[in-house]
Amino acid sequence: MLVRLKLVSQQQIDACLGQVGKNGQADDFLRWMENKGLLTSYQAGRIAKGEIDGLVLGPFKLMYRNASGSFARVYRACDLRTGRMVGLKVLRQRWSDDPKAVAEFRREAELGKALQHENIVPIYEVGHSNGQHYLSMEFVEGGNLRDFINIRKKLDPREATKCVLDMACGLDYAFKRGSTHRDLKMTNVLMSAQGVAKLVDFGLAGVAEDMRDDGESAQRALEYATLEKNTGAPRNDPRSDMYFLGAIYYELLTGIPPLPRTKDRVERSQFSRYQQVRPILDVEPSVPRSVAVIVERMMHLNPGLRYQNPGESLPHLRAVLADLSQAKANGTSPSGVSATGVSADSARPSTAGTAATPTHTIMCIEDRHKNQDYLREYFSKHGFRVLVLSDMQRGLSRLQSSPPDCMVIMGESLGDRAVSGYNDALSMRQKSHTGVVLVLGEKQSPLKDQVKETDSARVLVQPVTLRDLRTVVKQTIGESGNGAASRPGQNGSA
């Protein structure tokens, strides 16, 4: 039987019998074969249980089981025709008896065969044998990102950015051919021995979801659905892949998943999980600003403010990677690089030793990247600890959990949400200690009459200089404003 299935050769059987003897026990036979490397421990264990037929599926000999889920199992296998090692994904028996599940599995696998890119694990063929359905794919000699992070804990910004750039390239290739991933997670990114990130399982999450599977892929599909339902995005929106790409980036940089892992379906379907994601710079302050900006944009709750497709993120990722690589080569800090690829620190005169020690924290809600940099640099120079967020809802969550000394809402970038956000902030701030400043655009000036002001809650209308804004911020937190008489435009428009 073993020879017929090509698990071993007749010559190897004869050699074993010569050592163990024809009257030897089966356990002795298997032990000798395993010790000689002729059978793997997985194969020997299956043979000992009498489960021989399942060790060969079509032209593939199963060597080891690599991973197991409720929808499918993944094996390291050998192609008996070529001797090449492959990954073999096998549909579990409970689904092999379901015609709909089989049809979906095969359909998605056939679609995956068309995706040939260096950052996507290629699918070689789809088949069935002995009532089992499988697909063969490249065997990546390495591990998945979760295994990688379990060992490394976290990656430096350059490594993390290189990895995310690889993934974004694969996503962009698939997107241009009409495919989204729908199952982006750490275990679906494999790292080759050459350090190349490769995406696996394109579209198979949708199969698990349609079959009402309870496995990890279906759980991630539920998270996609929760995000899309609560943000008004359509199903299969490429911007959803961008959110979960950002979540992987976040975890690579911090070692902590932005969405706490849980198998509870009720918890996974709660939108509050997304609203309560901690800003990455709160979790890991050493992350360069340019990197944090990309993560924040990828994970913006408003899909209209995320990268609209993977290709949009590529120029920023490449520019930041180039700057981080240059900084490493020069032995300098990468914290000043910007998402445009230009070093903000090298573009302005040195202010070393002139910045005051931060005594107050200011949180700015602004989604325009250039304006984010202006606010961050200006207020940092004047002695503030600065937190910049793109999303109003995250700012309000932060206001409740860890309130700053002052919250600045840039109304022009938020549109209609600005006034309601300001009113929400007034009602949510703790014990009125947090100052709130709303800066309206010129076209929004009529809205000023719709909101109330107090000593600690102020409304400004553009044009407003950064010095004007700083003066009002200091007034709302109970400090006298120095420099209130600055001329408009002297320090740049807010």
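The values are calculated or read from the model by the stated rules, or taken from the named source; none is laboratory data. Source: prediction; values computed, not measured. In this analysis, Cβ positions are derived from the backbone assuming ideal geometry, glycine residues included, and neighbour counts consider all displayed protein chains.
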- [ ] Mind listing just one residue for me: the one in the stretch 402-433 that is among the acidic types (D, E) and out of contact with any helix residue (DSSP H, G or I) (no Cβ under 6 Å at 6 or more places or on another chain) and, of those, surrounded by the fewest Cβ atoms within 10 Å (Cβ to Cβ)?
- [x] D416
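Which is touching a residue at least 40 places away in the same chain (Cβ under 8 Å) and surrounded by 13 or more Cβ atoms within 10 Å (Cβ to Cβ), of V464, V472, V459, V436?
Only one candidate passes the filter, namely V436.
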TODO: Assess whether T187 counts as being surrounded by fewer than 21 Cβ atoms within 10 Å (Cβ to Cβ), in the same structural domain as L252 (by TED's automatic domain parsing), among the hydroxyl-bearing types (S, T, Y) and part of a helix (DSSP H, G or I).
DONE: yes
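Residue by residue, here is whether (1) closer than 30 Å to D323 by Cβ; (2) of a type in the set (K, R); (3) out of contact with any helix residue (DSSP H, G or I) (no Cβ under 7 Å at 6 or more places or on another chain) holds:
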residue: A103; (1), (2), (3): no, no, yes
residue: R106; (1), (2), (3): no, yes, yes
residue: L111; (1), (2), (3): no, no, yes
residue: Q116; (1), (2), (3): no, no, yes
residue: V140; (1), (2), (3): yes, no, yes
residue: R146; (1), (2), (3): yes, yes, no
residue: I151; (1), (2), (3): yes, no, yes
Task: Every pair of residues 6+ apart whose Cβ atoms lie under 6 Å, when the first sits in the stretch 79-108 and is farther than 18 Å from L55 by Cβ and in contact (Cβ under 8 Å) with a residue 40 or more places away in the chain while the second is in a helix (DSSP H, G or I) and β-branched (V, I, T) - done: E104/V207; F105/V207; E108/V207
Open item on the list: Can you confirm whether A292 is within 30 Å of Y422 (Cβ to Cβ), modelled with pLDDT under 90 and among the hydrophobic types (A, V, I, L, M, F, W, C)?
Closed with: no
TODO: Of all residues in the stretch 445-460, count the ones that are outside any loop (DSSP other than H, G, I, E, B) and either hydroxyl-bearing (S, T, Y) or closer than 12 Å to G411 by Cα (or both).
DONE: 6
Open item on the list: Checking the conditions here, which among L252, L259 is in contact (Cβ under 8 Å) with a residue 24 or more places away in the chain, part of a helix (DSSP H, G or I) and crowded, with 16+ Cβ neighbours inside 10 Å?
Closed with: L252
Open item on the list: Restricting to the stretch 439-456, name every residue that is basic (K, R) and either at pLDDT below 85 or surrounded by 15 or more Cβ atoms within 10 Å (Cβ to Cβ) (or both).
Closed with: K448
- [ ] For E296, work out the one condition from (1) over 16 Å from the mean Cα position of the chain (by Cα); (2) closer than 28 Å to Y374 by Cβ it doesn't fulfil.
- [x] (1)
Task: Segments classed as helices (runs of 4 or more DSSP H), wholly inside the stretch 269-328, with at least 2 members that are surrounded by 18 or more Cβ atoms within 10 Å (Cβ to Cβ) - done: 280-283, 289-298
Task: Search result, residues across the stretch 293-307 that are within 18 Å of R376 (Cβ to Cβ) and either hydroxyl-bearing (S, T, Y) or touching a strand residue (DSSP E or B) at 6+ places or on another chain (Cβ under 9 Å) (or both) - done: V293, E296
